[in-house]
Amino acid sequence: MKRRDFSKGMLALGLATPVVLTARGMSEGSEPTGEFFTEPARKLPIRKADVVVAGAGTGGVVAALAAAKQGARTVLIERKGYPGGTITEGGTALHSFFNLWKAFPGVEKRQVVRGIPQQIIDRLAAIGATSGHAEMDMGYNYDSVCTSIDTELYKLVTFQMLAEAGVFVCVNTLLTGAITQDGHIEGVIAESRSGREAIMADAFVDCTAYGDLAAFAGADFTEPNDYAVCNSIGVGNVDLEKLEAFLVENDALVQRATGRRYGMDDQVVRLQGTTARLPKEFHDAARSIGMSMVTTTVHDNYFMFIKLNLKMKEKATDRDAVARAELDLRRRQYKALELFRKFVPGCEKAFMARTAPMLNIRRARLIDCDYDISHEDVIEGRHFDDDVLTYGFHDSAPRLQIKDGGTYGIPYRALLPKGIDNLLLAGMMITSDHRAHMSTRNTVSCMAQGQAVGTAAALCSAERSTTRALPYRDLRETLERDGVYFEG
Ligand SMILES: Cc1cc2nc3c(=O)[nH]c(=O)nc-3n(C[C@H](O)[C@H](O)[C@H](O)COP(=O)(O)OP(=O)(O)OC[C@H]3O[C@@H](n4cnc5c(N)ncnc54)[C@H](O)[C@@H]3O)c2cc1C
């Protein structure tokens, strides 16, 4: 496509001239009036469970499976129509089930996350919905393996696993409140088209990424706003081999992994390029829309997760600022598509095959927990007396790597919000230090955290214990029995 045609296309969509939006939202007249309406009190029907897990995302799916595995009557509340969360919408690959052995000659290759997260991968593999643990053959200072998934089949497979485990899955249901007394959660309020109800339980797990349940229950939190938000696109009708050749020709290929793709082994499943070495017009345009050139895929004609990043000034919990960002990101997605069509051979007839239903965050609320994992804990590879998992990946590698290609542990107390005695957390809402968070927030860590908190919540319910009174020995033995790997 010629540059003039490209610009004409953007003009036709009204994308060349940014629309000016009002300060608060999309249209005039939406300002609050300053008056108030008092909602009348309502009687809500009550449902009872042993464990409630809020959010069926990366961590929540595993938490609910873990709780159900211990025999707990488990309710899982998810605002969307499917489980999966950011693992199906934001990340480019699952990082990482392994330590960074390839970057450290002589270091043993270890699969450090196993248990339920690996069982999910096994189920995906059985239907050809994952690359498997694909090894990097280039750029392995960043990671030794990456695990790519078919995101749509991930939703199906995990939904099936939850149903088989007997989890009561409430999709299209929003968690809207907590019923608390003296630092103890009695129940949560959930709202769907079937109405509003109270779900009472012994133990609760917050895997909402935003820390909604913890915030409703009165936990202390901050909102660091230290990352860009993103809505990535899946680009269809493209040629992966031609993309690789394009990156190689421009000396721009920095990472490559091979694994299973469309039923065939030893296929390219991950490519990362640096736009700095691509034609200037491409590079400048890519930078202006926060686009990165990294994809993993399990399909022949598909680039997964081309990221469009936007750094918001406001917090990701500000509805009206988020509305503006949602529109801005969708404009960026269109521009990205046009760039692929214009510059990348094999992409002339590319189309946008998927977008996320809403923008993805890397962090919103940071919940104040009994222990705050530090940068030193991560890179020094520290383990704790109350480790609940082992992890060995850092997203800032090769700049920041865990010492000697080793691992660190996440202690149980890092998942306990201060001041509440029956709530556990898993996912991106823990760890205040940005550099440490660049490790703990990654998908496979969130999954492993999910197994820890789901198991702990079920044990708390069974033993009529608060989270802090739960004997660590019981938790550790149960996790080990269920396949969790420990080095501490
Ligand atoms: C753009 C981007 C790229 C990334 N790239 C990578 C990568 O390449 N590799 C990697 O390993 N990690 C990556 N990450 C990080 C990783 O994907 C996330 O940190 C991780 O998936 C978060 O898991 P989670 O369980 O905390 O949250 P989520 O997976 O987001 O789950 C939260 C769930 O809670 C639900 N929910 C929220 N509020 C409510 C409510 N009130 N009621 C009911 N349900 C609710 C949501 O709908 C969602 O399903 C990336 C993240 C982003 C945003």
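The values are calculated or read from the model by the stated rules, or taken from the named source; none is laboratory data. This is a predicted model, so every value here is computed, not measured. Positions of Cβ are generated from backbone atoms using ideal geometry, with glycine treated the same way; all protein chains shown enter the neighbour counts.
Within the range 226-237, take every residue that is surrounded by fewer than 19 Cβ atoms within 10 Å (Cβ to Cβ) and not hydrophobic (A, V, I, L, M, F, W, C) and give me the one that is nearest to residue 454 (Cα to Cα).
226
Working only within the range 365-378, note down all residues that are crowded, with 20+ Cβ neighbours inside 10 Å and among the charged types (D, E, K, R).
Within the range 365-378, 365, 377 qualify.
For residues in the range 325-364 being closer than 18 Å to residue 445 by Cα and in contact with a Phe, Trp or Tyr (Cβ under 6 Å, 6 or more places away or on another chain), which is surrounded by the most Cβ atoms within 10 Å (Cβ to Cβ)?
Only one residue tops the list, namely 363.
Taking the condition more than 30 Å from residue 121 (Cβ to Cβ), buried (at least 17 other Cβ atoms within 10 Å of the Cβ), at pLDDT 95 or above and away from the ligand (no atom under 14 Å from the Cβ), does residue 185 pass? Talk me through it step by step, then tell me what you get.
Details: more than 30 Å from residue 121 (Cβ to Cβ): yes; buried (at least 17 other Cβ atoms within 10 Å of the Cβ): yes; at pLDDT 95 or above: yes; away from the ligand (no atom under 14 Å from the Cβ): yes.
Answer is yes for this residue.
For the range 275-300, which positions are touching a His at 6+ places or on another chain (Cβ under 9 Å) and either among the hydroxyl-bearing types (Ser, Thr, Tyr) or under 21 Å from residue 228 (Cβ atoms) (or both)?
Matches in the range 275-300: 275, 276.
If the requirement is being in contact with a helix residue (DSSP H, G or I) (Cβ under 7 Å, 6 or more places away or on another chain) and among the polar types (S, T, N, Q), which of these qualifies: 396, 432?
Result of the check over 396, 432: 396.
Would you please list the contacts, defined by Cβ atoms under 7 Å and residues six or more apart or on different chains, that run from a residue in the range 262-278 that is without any contact (Cβ under 8 Å) to a residue 40 or more places away in the chain to a residue that is of a type in the set (Phe, Trp, Tyr) and not in a loop (DSSP other than H, G, I, E, B)?
275/282
Would you confirm, using the coordinates I've provided, whether residue 111 is in contact with a His (Cβ under 8 Å, 6 or more places away or on another chain) and over 23 Å from residue 362 (Cα atoms)?
Answer is yes for this residue.
Scan the range 369-390 and tell me whether some residue there is within 30 Å of residue 458 (Cα to Cα), part of a helix (DSSP H, G or I), out of contact with any Lys or Arg (no Cβ under 8 Å at 6 or more places or on another chain) and among the charged types (D, E, K, R).
Checked against the condition, which is being within 30 Å of residue 458 (Cα to Cα), part of a helix (DSSP H, G or I), out of contact with any Lys or Arg (no Cβ under 8 Å at 6 or more places or on another chain) and among the charged types (D, E, K, R), the range 369-390 yields at least one hit.
Mind telling me which of the residues 483, 419, 488 ends up being more than 16 Å from the ligand (Cβ to nearest atom) and either over 27 Å from residue 380 (Cβ atoms) or free of Cβ contacts under 8 Å to residues at least 40 places away in the same chain (or both)?
Being more than 16 Å from the ligand (Cβ to nearest atom) and either over 27 Å from residue 380 (Cβ atoms) or free of Cβ contacts under 8 Å to residues at least 40 places away in the same chain (or both) holds for just one of 483, 419, 488, which is 419.
Consider residue 381 against the criteria (1) farther than 25 Å from residue 129 by Cβ; (2) crowded, with 17+ Cβ neighbours inside 10 Å; (3) within 16 Å of the ligand (Cβ to nearest atom): it satisfies all of them except one. Which criterion is unmet?
With (1) farther than 25 Å from residue 129 by Cβ; (2) crowded, with 17+ Cβ neighbours inside 10 Å; (3) within 16 Å of the ligand (Cβ to nearest atom) applied to residue 381, the lone miss is (3).
Looking only at strands (runs of 3 or more DSSP E) that fall completely inside the range 260-309, which ones have 2 or more residues that are away from the ligand (no atom under 13 Å from the Cβ) and over 20 Å from residue 351 (Cβ atoms)?
In the range 260-309, the matching strands (runs of 3 or more DSSP E) lie at 264-273.
Residues that are within 16 Å of the ligand (Cβ to nearest atom), part of a loop (DSSP other than H, G, I, E, B) and within 21 Å of the chain's Cα centre (by Cα): does the range 317-329 have at least one?
First pass over the range 317-329, keeping only residues within 16 Å of the ligand (Cβ to nearest atom): 317-319, 322, 325-326, 328-329.
Now narrow it down to the ones that are part of a loop (DSSP other than H, G, I, E, B): 317-318.
Those left that are additionally within 21 Å of the chain's Cα centre (by Cα): 317-318.
Yes, that holds for at least one residue.
Residue 388 fails exactly one of the following numbered conditions: (1) crowded, with 20+ Cβ neighbours inside 10 Å; (2) modelled with pLDDT under 95. What is the number of that condition?
Answer for residue 388: the failing condition is (2).
Mind checking whether some residue in the range 79-90 is surrounded by fewer than 19 Cβ atoms within 10 Å (Cβ to Cβ), within 16 Å of the ligand (Cβ to nearest atom) and more than 30 Å from residue 292 (Cα to Cα)?
Scanning the range 79-90 turns up no residue that is surrounded by fewer than 19 Cβ atoms within 10 Å (Cβ to Cβ), within 16 Å of the ligand (Cβ to nearest atom) and more than 30 Å from residue 292 (Cα to Cα).
Taking the residues in the range 44-63 that are surrounded by 24 or more Cβ atoms within 10 Å (Cβ to Cβ) and assigned to a strand (DSSP E or B) as candidates, determine which candidate is farthest from the ligand (Cβ to nearest atom).
Out of the qualifying residues, it is 51.
When you go through 403, 342 one by one, which is the residue that is more than 16 Å from the ligand (Cβ to nearest atom) and closer than 27 Å to residue 139 by Cα?
The conditions single out 403.
Could you say whether any residue in the range 447-456 is near the ligand (Cβ under 9 Å from one of its atoms), in contact (Cβ under 8 Å) with a residue 24 or more places away in the chain and either among the aliphatic types (A, V, I, L, M) or at positive phi (or both)? Spell out how you get there, then give the answer.
First, pick out the residues of the range 447-456 that are near the ligand (Cβ under 9 Å from one of its atoms): 447, 449-450.
Right, trim to in contact (Cβ under 8 Å) with a residue 24 or more places away in the chain and you get 447, 449-450.
Keeping just the survivors that are either among the aliphatic types (A, V, I, L, M) or at positive phi (or both) gives 447.
Yes; the residues of the range 447-456 include at least one that is near the ligand (Cβ under 9 Å from one of its atoms), in contact (Cβ under 8 Å) with a residue 24 or more places away in the chain and either among the aliphatic types (A, V, I, L, M) or at positive phi (or both).
Could you count how many residues in the range 346-368 are out of contact with any Asp or Glu (no Cβ under 7 Å at 6 or more places or on another chain), among the small types (Gly, Ala, Ser) and assigned to a loop (DSSP other than H, G, I, E, B)?
1
What's the total number of residues in the range 126-168 that are aliphatic (A, V, I, L, M), surrounded by fewer than 17 Cβ atoms within 10 Å (Cβ to Cβ) and farther than 18 Å from residue 60 by Cβ?
3
At least 1 residues that are within 20 Å of residue 218 (Cα to Cα) in each: list the strands (runs of 3 or more DSSP E) lying fully within the range 106-204 that qualify.
174-181, 184-192, 195-200
What number of residues in the range 238-249 are surrounded by fewer than 16 Cβ atoms within 10 Å (Cβ to Cβ) and touching a residue at least 24 places away in the same chain (Cβ under 8 Å)?
Count: 3.
From the list 219, 214, which one is within 13 Å of the ligand (Cβ to nearest atom), buried (at least 23 other Cβ atoms within 10 Å of the Cβ) and either modelled with pLDDT of 95 or more or in a strand (DSSP E or B) (or both)?
Checking each option against the conditions leaves just 214.
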